[in-house]
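Participant: My questions will all concern the structure given below.
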Amino acid sequence: METYDPTDDDLRRITARCRLIGIGHDWLFPPEDVQELSRRLSSLGIDASYEKLETNHGHDGFLADTHLMEPMMLRALE
C-alpha cells in the first residue's frame, strides 16, 4: 500500500463499519498489510474487522475462489 498511505486524520473520517479481507499470495496488497490496516482502523476507534481468504490464486483469488469468498461477504453484510 505504498502508493496509497492515508494519514490517521484521513482514516478518522470513516464512519462506516469496515470489513477487510486479505487474500493469500496477493503481491499487490499482501494480507499482512491488509490486516495491519484493520488493526490501525480499530486503534482509531473505527469498527473494523479482518479475515483472510486462503487461496493460491493471489490477487485474483476473490474471482477464482468465489465459493470461499461468498461466506465472507455474507458475514460482512450481517
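Coordinate-derived values only; no laboratory data. This one's a predicted model, so the numbers in the text were calculated from it and none came from an experiment. Counting neighbours? That spans all protein chains shown, and the Cβs are built from the backbone with ideal geometry, glycine included.
Participant: Taking 0.36 nm per residue of separation and subtracting the Cα-Cα distance, what length does fully extending LYS52 through ARG39 add?
Facilitator: Details: separation 13, 0.36 × 13 = 4.68 nm, distance 1.37 nm.
Net length gain for the segment: 3.3 nm.
Participant: Taking neighbour Cβ counts within 10 Å as the exposure measure, how do TYR4, TYR50 sort from fewest upward? Don't jump to the answer; show the numbers that get you there.
Facilitator: Working: TYR4 7, TYR50 18.
So the ranking, lowest neighbour count to highest, is TYR4, TYR50.
Participant: Between segment 5-25 and segment 43-72, what is the separation of their alpha carbon centroids in Å?
Facilitator: Using only Cα atoms to place each centre, the spacing works out to 14 Å.
Participant: When all C-alpha to C-alpha distances in segment 8-76 are sorted into bins of 10 Å, what percent of pairs does each bin hold, rounded to whole numbers?
Facilitator: 22, 47, 27, 4
Participant: Between LEU63 and ILE14, what length in nm is gained on full extension when 0.36 nm per residue of separation is reduced by their alpha carbon distance?
Facilitator: On the way: separation 49, 0.36 × 49 = 17.64 nm, distance 2.69 nm.
Stretched fully, the LEU63-ILE14 segment lengthens by 15.0 nm.
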